[in-house]
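The values are calculated or read from the model by the stated rules, or taken from the named source; none is laboratory data. Being a predicted model, the structure only gives us computed values, none of them experimental. With ideal geometry, Cβ positions are generated from the backbone for all residues, glycine too; neighbour counts draw on all protein chains shown.
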C-alpha cells in the first residue's frame, strides 16, 4: 500500500488555528500540507520534504501522532506529523511555494475540505475539540 504524509502545524499564538494549504486546482478546497512518500525515503523525511516544498518552512522537529488507512481511488496509509512553526518565522509571512494558497484555518474549516473525514479522525484522536 502506498504511503502519504501530512503535517499538522500549530499557529504559535492561537492554538485554534492550523496551517492549511489549498489544492493546486481549487484554491477554495483546503487540507494539510503533505503528499506521497517517495520510494527511496522514510515517512519522516517525506514530511520534511513536503512541508519545505509546499510552504518553504524547514521544520525544527516533527512528531508522528496519527496514522490511518484512507480508501479511495488509490489506497494510502496516511501518517500525520505534528509541528510547531519555527520561532524565527512570523505566521503572517508564510507563503506557498507552489500554485496553492496557504492560510491559517480553524478545525471546522479543515473539516470542510476534501480530506475532512481524515482530519476529523485526526482531531478526534488528538482530542482537539
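Among the residues of segment 31-54, is there at least one that is surrounded by 14 or more Cβ atoms within 10 Å (Cβ to Cβ), in a strand (DSSP E or B) and touching a residue at least 60 places away in the same chain (Cβ under 8 Å)? Yes, some residue in segment 31-54 is surrounded by 14 or more Cβ atoms within 10 Å (Cβ to Cβ), in a strand (DSSP E or B) and touching a residue at least 60 places away in the same chain (Cβ under 8 Å).
Every residue in segment 72-91 that is in contact with a strand residue (DSSP E or B) (Cβ under 9 Å, 6 or more places away or on another chain), more than 14 Å from residue 115 (Cβ to Cβ) and not in a strand (DSSP E or B), please. Selection gives 75, 85, 91. Can you pull out every residue in segment 11-28 that is touching a strand residue (DSSP E or B) at 6+ places or on another chain (Cβ under 9 Å), surrounded by fewer than 17 Cβ atoms within 10 Å (Cβ to Cβ) and touching a residue at least 12 places away in the same chain (Cβ under 8 Å)? Within segment 11-28, 11, 12, 14, 23 qualify.
Of all residues in segment 101-109, one or more are part of a helix (DSSP H, G or I), touching a residue at least 24 places away in the same chain (Cβ under 8 Å) and closer than 22 Å to residue 23 by Cβ.
Note on segment 55-65: residues that are out of contact with any helix residue (DSSP H, G or I) (no Cβ under 6 Å at 6 or more places or on another chain) and either over 15 Å from residue 122 (Cα atoms) or assigned to a helix (DSSP H, G or I) (or both) amount to 4.
When residue 122 is tested against the conditions (1) modelled with pLDDT of 95 or more; (2) farther than 13 Å from residue 6 by Cα; (3) surrounded by 13 or more Cβ atoms within 10 Å (Cβ to Cβ), the lone failure is (2).
Where residues in segment 75-95 are surrounded by 15 or more Cβ atoms within 10 Å (Cβ to Cβ) and over 20 Å from residue 61 (Cα atoms), which of them is modelled with the highest pLDDT? So, considering only residues that are surrounded by 15 or more Cβ atoms within 10 Å (Cβ to Cβ) and over 20 Å from residue 61 (Cα atoms), the one modelled with the highest pLDDT is 77. For residue 68, the conditions (1) surrounded by 14 or more Cβ atoms within 10 Å (Cβ to Cβ); (2) part of a loop (DSSP other than H, G, I, E, B) all hold with the exception of (2).
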